[in-house]
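The values are calculated or read from the model by the stated rules, or taken from the named source; none is laboratory data. These numbers come from a predicted model, not from an experiment. Ideal geometry is used to build each Cβ from the backbone, glycine not excepted, and the neighbour counts take in all protein chains shown.
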Amino acid sequence: MYDHILVRYGEMTLKKKNYKDFLNKINQNIYRRCLDFPKLKFFHSNFRFYIELNGEDQEQVIKALNTVVGLNSYSLCKKVAPDYEAIAQAGIEMLQSKTEAASFKVESKRGDKSFPDNSLVISREVAKRVLPQVAHLKVDVHHPDVVLFVDLRHEGTFVFVDTVPGLGGFPGGIAGSGLLMLSGGIDSPVAGFLSLRKGINMDALHFASPPYTSDQALQKVIDLAEQLAKFTDNEKIKLFVCPFTAIQEAIRSYASPDYLVTIMRRQMYRIAEKICQKHQIDVIINGESVGQVASQTLENMVVVNEVTNIPILRPLVTYDKEEIITLAKKIATFEISIRPYEDCCTVFIPKHPVIRPKIDAVKEEEARCHLDQLVNDAVEQTTIIELSTFKKYSVFQSHSPKFEI
């Protein structure tokens, strides 16, 4: 029934002078995702991308498109001759498959002005031919169960009934680079996905605190990063693993317990800044949401921000927990995140962490810990794990490669 997929570009269509850069990037990303389907053929206009299926599994192709950021939507469709009989015949086949529907209407767009009739006439003429052949349906132009779309464009005439929402946003890799602070919880992977959706190239930074955190906890983070890699433009991601035990033990030994989390997060940002500078990464990304936990009050954010001049993106800052969980399930990170392995953020948590810290008091507590050299050591001892969607990485296999920074 269907022989093409019509792909609609997303937010990039609002661009003007640099639109071609966005167009080239999104088309490259689509081509790359479809390499596993050798029979496909492609063509595009300024605002549409078309995939000719040539017998390839349409569901698998759509599954691949579901990982391409920057797409507004796509529709399985049939390309037909620009005449009423051919359009109606394709529409009849599609509507006959909608056995649970009771009503329909025809909606037409005439991008090709060489077609003699306007959109209203086209819809009426097609409906007139279709209706006698779909006995289970009646016409309802106000609240139809299904809409038969007719899209007449210079590149062809396309008929379809369903529209699959895409991920939206900008093409992957078009908007600079970011370093995601990936803890292993529910929030940070979602923040990473939302950043990828805006076209940011992304690597991730994880703080490990053995023996307080386990190899299973690290594997969980690796699995999360591999899942996020599905949404990058090249399906790859670097995971920086930073040893954080010595820093946490120093803070626990010398600082007031109430300030432990605030001081700990300041050191995380110091380390993140140094890694960004060393690897030419533009921004730091995290999963903080205002007020969700004690360390995520505005006062705490201000105190933490004070240690770096690199911009910090907080995509979840106004989200509530249920919204975050819904997104986590959508991108298939939720079940990984809830594995019962603790990360460093749950180590040495005080009973009453300060929620409105003053910068002078924090600096006084921090000075007692003598952290500068420990921070530098942590950066030097950080390792990089190269991850991708093409091969699973296991911390339990000794031959899995790690690379010193």
Of all residues in region 238-270 being in contact (Cβ under 8 Å) with a residue 40 or more places away in the chain and basic (Lys, Arg), which is surrounded by the fewest Cβ atoms within 10 Å (Cβ to Cβ)?
-> ARG252
Under 7 Å by Cβ, and 6 or more places apart or on different chains, what pairs join a residue from region 141-152 that is without any contact (Cβ under 8 Å) to a residue 60 or more places away in the chain with one that is of a type in the set (Ser, Thr, Tyr) and surrounded by fewer than 19 Cβ atoms within 10 Å (Cβ to Cβ)?
-> PRO144/SER103; ASP145/SER103
Only listed residue being surrounded by 17 or more Cβ atoms within 10 Å (Cβ to Cβ) and closer than 24 Å to ASP233 by Cβ, chosen from TYR31, TYR50, TYR19, TYR2 | TYR50
Kindly indicate whether ASP223 is within 14 Å of VAL395 (Cα to Cα), in the same structural domain as PRO340 (by TED's automatic domain parsing) and touching a helix residue (DSSP H, G or I) at 6+ places or on another chain (Cβ under 6 Å).
-> yes
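Please go through region 115-140 and give me each residue that is in contact (Cβ under 8 Å) with a residue 40 or more places away in the chain and either surrounded by 15 or more Cβ atoms within 10 Å (Cβ to Cβ) or within 22 Å of SER45 (Cα to Cα) (or both), ordered by number.
If the condition is that a residue be in contact (Cβ under 8 Å) with a residue 40 or more places away in the chain and either surrounded by 15 or more Cβ atoms within 10 Å (Cβ to Cβ) or within 22 Å of SER45 (Cα to Cα) (or both), then GLU125, VAL126, ARG129, VAL130, VAL134, LEU137 are the ones that fit.
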Out of PHE170, PHE158, PHE104, report the one residue that is aromatic (Phe, Trp, Tyr), within 27 Å of TYR31 (Cα to Cα) and part of a strand (DSSP E or B).
-> PHE158
Enumerate the helices (runs of 4 or more DSSP H) found wholly within region 234-349, keeping only those where 2 or more residues are within 30 Å of ALA64 (Cβ to Cβ) and assigned by TED's automatic domain parsing to the domain that holds ASP377.
-> 321-330, 334-337
Which of (1) assigned to a strand (DSSP E or B); (2) touching a Leu at 6+ places or on another chain (Cβ under 8 Å); (3) among the aliphatic types (A, V, I, L, M) is the odd one out, the single condition VAL147 does not satisfy?
-> (2)
Do you know which residues across region 360-375 are touching a residue at least 12 places away in the same chain (Cβ under 8 Å) and under 19 Å from ALA272 (Cβ atoms)?
-> VAL362, GLU366, CYS369, LEU371, LEU374, VAL375
